Every structure is written in structure tokens, then in C-alpha cells.
Amino acid sequence: MSPEHSPDMAAFDSEATWDKASSKGNETEEDCSLRMQIDHAAIQGDLGTIVQILENVAKETPKGERHPLIQQLRGALSTAVESRRHDIADYLIGKGVIAEPSHGRLATINRDVAMLELLLQGGWDINEKIAWDDPPAFGRAVEDDELTDWFLLNGADPNARCGVDLTPLSIAVRDAPLATIRKLFEHGGSVASGQLLHHAVMNNVAEPTELIKYLVGQGSRINAIMYQSCPQSYDELLGLGFTLGTPLHEAAERGNLTIVRTLVAIGADASIRDSRGDLAEDRAQNDRHMAVSTFLRSLPASPVLARF
């Protein structure tokens, strides 16, 4: 995807939050007031006030029923998770507040394993996407070895998708070292999803030649247009203004001659045009990456396989 001609790739790292309006349509004025008091108490770290309010609510609730206020407290749980208040989170979960992907995201960002454990107990689905363009929380753990191991031990799927074909493994090949990427493949990671090679050309952590060779060895298609194998995602992203090309297009636009040479050496076709009709050379030229542009212009009409 071309940042110049489309939203930046950071759009795939959106800070999704719980939907404040989704469960408040039938909220009474009294419940709204109580929720706001609980939200404020959570911000203050005041567990005592939260306990007092919910105990009073419980006295007015028929036995065996759950007061509708409980499901309005996801925001208070978010506050507890973000501020590392395990006592408040544990209490709210014990009262029936259901943990959601946005809570898992916050705990993962905090590298808070104890909170993640609480969220699992509270109903958090570890493989549920955070948002349409944001894969499960595992994607935010891949730069941390211990956290990666925790997610894998608790059933995290490296291939779990969000609304587009973006997975935790997609994030790993972009942001993590090769050792972590190999580990995810050992736990079921697959090149069948995630547009891995396109994301790999953005990796500034792993040694680029080794990473690209590894992914191609796993079966990544070197000349695939991004998302073209996923028609729904492809059409949606084009509709949003994204320009979609091959891994070579991405590498050329970033001016990374080492990656460009590596891709060409293993069969990247510089004559393929992206969804806007541009060659990889055009992308390099447009961004003034003259060394890359000159190299691509020097190639023969058909790709010639070379040895490393």
C-alpha cells in the first residue's frame, strides 16, 4: 500500500476503544448517574465507592437477575485495566462485567500478564479482533518474547484476522525479529493469510534478506498484488483510496535498495503495475529514490532469476 496515495499503514494499528454508545441505548437516567459515579471512582482508583454503589444496586435487584447497569461498566473496566488496578478489574469482572478485545489491547500494551489472566477469566476471547482494521491483541505482543510465549500458551492464533486480511503474524513480520517470526510459524503460522511479504518489506528489526528468503521458502507469493487474493478486502481498501501493489512496489517506495535487489533476485517482476497503474520504478521515482529507480530501470523486460 502506498502511503502517498492512500491512508498510512499506521491505520492498521488503530487505537480501537470500547464502543461507548453501543450498550447505552436503553440506559435509564438513574443508571446513567450511577455509571458516571462508578466511572469517576475507577479514575480515582476508589474501589470502596464502586463496591458501595454496586452493593446498593444488588439490594434492589431481584434474586437471580443481573442489573442492566453491569453491562454499562465496560468503560470503568477499561480505566481499571489501563491504570493497572487489578483489584478494581477483578471486582468488576466478578460482578459480571464482560471483558472485551479493547480491554485485552490495553493490558497487552501495558505488558500486564496478571491483568490478561483476569480478562481471560472475564470472558475475553483472545482471538477476537479489536476493530475492523485491528487484529487480535496478540499482534501487540510480538515485540516482547515473554508476552509472545504467554499468548501462544493461552491459545492465541497467529493467523486470526480482523476485518481485512491482517493478522498477528502480519504485525510480527513487520515489527519482530526473525526468531519470533519462526516461533509463530512453529505454532501454526501460515502464509495463506496476512499478506506477509508485503508487511515484511517494512521490517526494520529482522535482517531483510533472511526474512524475505524465509517467507518465500514458506510459500509467500513474491508477485502477488496486496489483498488481491481477498476480493472483499481488496475492494474495500480500493474504495478507501488505498493503492495496492506487490512487495516490490512497497520496497521501491521506501527506497530500500537491499530489499529491492533481494526481491528481484528471487523472482520479483518489475513489470507488474499496481492498482493505480504504476510500476515499482514509478514509485521509487516519485519519492526520489534514485538508486532504486536506476536499478529497476536497468532490469530486462522479464525477470531474470539470480543467485544470492
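The values are calculated or read from the model by the stated rules, or taken from the named source; none is laboratory data. Being a predicted model, the structure only gives us computed values, none of them experimental. Positions of Cβ are backbone-derived with ideal geometry, glycine not excepted, and every protein chain shown enters the neighbour counts.
For this structure, a couple of remarks:
- Considering SER2, SER23, SER33, the condition of being part of a loop (DSSP other than H, G, I, E, B) and either modelled with pLDDT of 85 or more or over 30 Å from ARG283 (Cβ atoms) (or both) is satisfied by SER23 alone.
- For the stretch 44-68, a residue qualifies if it is loosely packed, with under 10 Cβ neighbours inside 10 Å and of a type in the set (Gly, Ala, Ser), and the qualifying residues are GLY48, GLY64.
- Some residue of the stretch 227-246 being closer than 18 Å to ASN203 by Cα, in a loop (DSSP other than H, G, I, E, B) and without any contact (Cβ under 8 Å) to a residue 60 or more places away in the chain: yes
- Search result, residues across the stretch 82-110 that are more than 16 Å from ALA131 (Cβ to Cβ), assigned to a helix (DSSP H, G or I) and out of contact with any Leu (no Cβ under 9 Å at 6 or more places or on another chain): GLY94
- Scanning the stretch 274-297 for residues that are without any contact (Cβ under 8 Å) to a residue 12 or more places away in the chain and closer than 12 Å to LEU248 by Cα returns a single hit, ASP282.
- When residues in the stretch 126-174 are screened for being within 13 Å of the chain's Cα centre (by Cα), surrounded by 20 or more Cβ atoms within 10 Å (Cβ to Cβ) and not in a loop (DSSP other than H, G, I, E, B), 12 of them pass.
- Residue list for the stretch 111-124, restricted to those being in contact with a helix residue (DSSP H, G or I) (Cβ under 7 Å, 6 or more places away or on another chain), within 16 Å of ILE93 (Cα to Cα) and in a loop (DSSP other than H, G, I, E, B): GLY122, TRP124
- Subset of the stretch 182-200 [closer than 12 Å to THR167 by Cβ and either of a type in the set (D, E, K, R) or in a loop (DSSP other than H, G, I, E, B) (or both)]: GLY188, GLY189, SER190, VAL191, ALA192, SER193, GLY194, GLN195
- Cross-chain or 6+ apart pairs with Cβ under 7 Å, the stretch 67-87 first and farther than 21 Å from ASN56 by Cβ and touching a residue at least 60 places away in the same chain (Cβ under 8 Å), then aliphatic (A, V, I, L, M) and surrounded by 19 or more Cβ atoms within 10 Å (Cβ to Cβ): SER78/LEU106
- Every residue from the stretch 201-225 that is assigned to a loop (DSSP other than H, G, I, E, B) and either closer than 21 Å to GLY139 by Cβ or free of Cβ contacts under 8 Å to residues at least 40 places away in the same chain (or both): VAL201, MET202, ASN203, ASN204, VAL205, ALA206, GLU207, GLN218, GLY219, SER220, ARG221, ALA224
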